[in-house]
Amino acid sequence: MPRNYDIICLLRNRRESRQEQEKDVKALHSEFLMGNEAIALGALAAGVNLVCGYPGTPSTEVLETVAKRRGEGVYVEWSVNEKTAMEIAGGAAYAGARTLVTMKQMGLNVASDPLMCLEYIGVKGGLVVLTADDPGPISSQTEQDTRHFAGFSKVPCFDPSTAQEAYDMIQEAFDFSEQYGTPVLLRPTTRVSHGYASIRVKDPEEYRVNTPEGFVRDTGRWVIFPRLSNRNHRLIEERNAKLRDVLSDYAGNRTEAGEGEWAQCRKGLAAGGISYTYAMEARERTGRVPLLKISTPFPFPERKAAEFLAELDEVLCIEELDPVIERELIYICGKYGLKTRILGKQTGHMPLSGENTRDSVQAAVAAFLGLPAAEEDSPEPPALPVRPPVLCAGCPHRASFYAVKQAMRGKKTIFCGDIGCYTLGNAVPLDMVDTCLCMGAGLGIAQAINHLEPDRSCFAFVGDSTFFASALPGVVNAVYNQAAFTLVVLDNSTTAMTGHQPHPGTGRTMMGQAVDKVSIENVLRGIGVTAVETVDPLRLEEAVETVKRVSALPGVKAVIFRSPCVALFKSGKRMAADPEKCVGCGRCIREIGCPALSMNGKKISVDAAQCNGCGLCAQLCPVNALKEENHA
Amino acid sequence: MRKNIVLCGVGGQGTVLASRLISAAAMAKQIPVMSAETIGMAQRGGSVFSHLRMGEGIWSPMIARGEADLILGFEPGEAVRMLPYLKPDGQMIVSSRPVMPVTAALGGNAYRPEEMLAFLREHVSRLWIVDTDRALLEVGSAKVLNLVLLGAAAARGALGLTREDLREAVRTQIQERFHALNFRALDAAGD
């Protein structure tokens, strides 16, 4: 394990002045980039050789941008899931490749087994694990905090506040990873990943070139055994203890002095991630109080923080998710015998959950400094429309759920949902998702209910990408353990919710190759599921009959609903309601809740901007009032 | 020049592309831009917004309440939802065309768009309710609401950008076969 700390001086010098840095690098230009795009370009500038990952909001665009902007010799893939991606990343880093692996915070749970072990083994080529957190949460099941995962796995973590910082930071993270022989986490949050800014980036001729040495056999290094783990555990703890000092000189961990009336102020702020930018904006309004920015929450820059705290009586911590900075500062106060009061989530000065906003941080800082709160004089608006997210107009999942609902009407059933667009099948009037937990969990839940309630008809719905990512062990388990349930695969030929990524069933790779599709039917039959039927859900009658027939069979059986995502494959068709025929019964709206349908007076009206002409509504209309419209 | 713009509407209405076009037009004039928008599940028919900030010395892409120079409302109810972000002397340009939520169609939640427009008339002094139904009919496509509203905002000087600046952004950001349609949409709101 290399123990060379010189790199930190290198990092510090590089960060000291952007102007100086730009003098060294001749060819820079500005681009308007999403934070995730900036991270991708930063990885390419750092000479990344291999990039892999699994889609997940808010991380997805990193890998997509690498695929779009990569030069010759950069390998990129969507792996089948995060665990596989982490293992591929580890192998590449063993061989000396600079490697980036991308996922959302929940994905790191799936990849945690290889990551925990990788930290003990270490890496040769730089390995950056990009894990995007989702305060809110906006598009996630949990508000888990990857900064804890850093401490738990002992993997150093960089936490950018802006897209520009993320661009610079990932390049530093690669150097850091190689110097210390450890994977490094880069943890943006949604507003950093999905914020856009004009960013200074290197021209491609300035990109670093990294030529991997190749894998060198060394069983004492690459084969994990208890003896190796015991030795490396000690070395890792020693290294991380030293890094608490070393990172105190890292330019990303810095203080802003109090200015003007706040120059001698005994109160200060501590912030990290996007909240740092909110705090800086708040300082512009309240006055410039002292501020500590934390860019490496683990290992924490202990000396830097202790010096900051020593000058202050009270510090307000501004961060999202868990009180990581807050607890570290309390620990440091205890360790150094400081009397500084640390305020934040644990003292009720900041919210315990959800996103921070410009306004919430402004209010908290003003209250902390004893300034009057901003006056809120917005007039009371009339009742606003409630807009829960819904399946798109024409989405084949709507037809699939409706077909199952029709087929099972009046029977004792449970419908286990999963993670993807089709979670939205829970909305009324479909109301077809009784459970949703995590990727692939619907299969396990359906099997369990069947063991406990054998007379209940159990269904597990899973999307095509989720099928390959997480459903296969559940199917094998059910076949082996003699469970009985109906697996419904909603195959829309893409990973839709995250923005249409290819997967093993699509026959396309991120390297641009056309490859053999992995057949869902063959996979299921290979496992031993004998009843496997495929049907187009937009042919309602046939779909209902298929579900009735297949679900009545014993054991594990499967219906594959195959129809492409409407957001990806434009039909060019649309429906129109004939006002002469429409009797205004509203059956179409009540049964399927398509967002393109509304009641205009006493007649149905079809929103031409939304309708994709799937024709499901026409198959329900009792008076044939809905017809496909001819249009240019 | 420093400008804070909130674009708001319903997922699928094209707020993201509109935000992208403003940014491209500003970048072409060497104006620094930051923006943030809704991505993910809420894009599926939920309320969506973009915050867009132009000028120097900005830390965060997010706009605070009472800080927006312009709210570009793609839908009356969504414009009302975002009203607290408008500066007291800020401009609002809003589409007259409501998007009925499925919850309202199912009878669970009454939504009366005319109440929203009346509320805006009462509380926003610099308001332009664009007759987008008429404009879109003239253009011949229901899918270019975003360009109609951008054209309206440019006409009122609310973006610090001209219609020609936006046409140039369309040329660089959108496939050529859609240019003519988008150019027509940019002019459709009139002045």
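In terms of its C-alpha gyration tensor, the protein assembly as shown has an oblate overall shape, because the principal axis ratio a/c (a ≥ b ≥ c, square roots of the eigenvalues) is not below 1.5 and a/b does not outweigh b/c. Per residue, chain B exposes an accessible area of 38 Å² to a 1.4 Å probe, with every protein chain left in place. The phi torsions of the stretch A:454-460, fed into the Karplus equation with coefficients 6.51, -1.76 and 1.60 and a -60° offset, translate into couplings of x, 8, 9, 8, 9, 10, 10 Hz, rounded to whole numbers, with Gly and Pro shown as x.
Go ahead and run the numbers for FRET between residue B:175 and residue A:448, Cβ-Cβ distance against an R0 of 56 Å, rounding to 0.05.
Details: r = 50 Å, r/R0 = 0.89.
After rounding, the FRET efficiency stands at 0.65.
Normalising the average separation of contacting C-alpha pairs (under 8 angstrom, six or more residues apart) by the number of residues puts the relative contact order of chain A at 11 percent.
Placing R0 at 30 angstrom, the Cβ-Cβ distance between residue A:477 and residue A:553 gives a FRET efficiency of 0.95 after rounding to 0.05. Just how far, in whole angstrom, is the stretch A:46-102 from the stretch A:367-389 if you go by their alpha carbon centroids? Here the answer is 42 Å between Cα centres. The contact between chain B and chain A removes approximately 4500 Å² from the accessible area (both sides summed; 1.4 Å probe; ligands, DNA and RNA excluded). Placing +1 on the Cβ of every Lys and Arg and -1 on the Cβ of every Asp and Glu, with no other charges, gives the stretch A:474-632 a dipole of roughly 160 debye about its Cα centre. Surface composition of the protein assembly as shown: carbon and sulfur atoms hold 52% of the protein heavy-atom accessible area at a 1.4 Å probe. Mean per-residue shielding of peptide B:72-83 is 2, counting Cβ atoms of other chains within 10 Å of each Cβ. Compute the separation of the alpha-carbon centres of the stretch A:289-350 and the stretch A:600-617 and state it in Å as a whole number. The two parts, judged by their Cα centres, are 56 Å apart. Cα centroid separation, the stretch A:551-578 to the stretch A:465-517: 16 Å. The residues of chain A expose on average 40 square angstrom of accessible surface per residue, using a 1.4 Å probe on protein heavy atoms.
Given Cα pairs under 8 Å that are at least 6 residues apart, what percent is the relative contact order of chain B? Value for chain B: 22 percent.
The simple spin-label model puts a point 7 Å past each Cα toward its Cβ; for residue A:383 and residue A:585 those points are separated by 2.8 nm. The mean count of C-beta atoms from other chains within 10 Å of the C-beta of residues in A:591-599, rounded to a whole number, is 4.
Using C-alpha pairs under 8 Å with a sequence gap of at least 6, the mean separation divided by the residue count of the stretch A:254-368 gives a relative contact order of 30 percent.
Working from label points 7 Å from Cα in the Cα-to-Cβ sense, the residue A:112 to residue A:263 distance is 5.0 nm. Here the dipole of the stretch A:254-368 is about 260 debye; that uses its Cα centre as origin and unit charges on the Cβ of Lys and Arg (positive) and Asp and Glu (negative). Fully extending the segment from residue A:455 to residue A:228 would add 76.5 nm, taking 0.36 nm per residue of separation and subtracting the current Cα-Cα distance. Counting only DSSP beta bridges whose two residues both lie in chain A, roughly 30 percent are antiparallel. Among complete DSSP H helices in chain A, those whose alpha-carbon atoms stretch at least 24 Å along the helix's long axis and whose mean Kyte-Doolittle hydropathy reaches -1.0 are A:163-180. The stretch between residue A:339 and residue A:219 holds 38.1 nm of extra length on full extension. This uses 0.36 nm per residue minus the Cα-Cα distance.
Of all DSSP beta bridges confined to the stretch A:254-368, the antiparallel ones make up roughly 20%.
Within 10 Å of the Cβ of each residue in A:388-397, the mean number of Cβ atoms contributed by other protein chains is 4. Under the convention that each Lys and Arg Cβ holds +1 and each Asp and Glu Cβ holds -1, the size of the dipole of chain B around its Cα centre is about 260 debye. Checking the cross-link pairs A:267/A:304; A:405/A:573; A:411/A:602; A:293/B:87 against a 28 Å limit on the alpha carbon distance flags A:411/A:602; A:293/B:87 as lying beyond it.
Measuring r between the beta carbons of residue A:542 and residue A:627 and using R0 = 22 Å, the FRET efficiency lands at 0.60.
The values are calculated or read from the model by the stated rules, or taken from the named source; none is laboratory data. This one's a predicted model, so the numbers in the text were calculated from it and none came from an experiment. Positions of Cβ are generated from backbone atoms using ideal geometry, with glycine treated the same way; all protein chains shown enter the neighbour counts. To get the accessible areas, we keep the full protein, side chains included, count just its heavy atoms, and leave off ligands, DNA and RNA. Shrake-Rupley method; radii C 1.70, N 1.55, O 1.52, S 1.80 Å.
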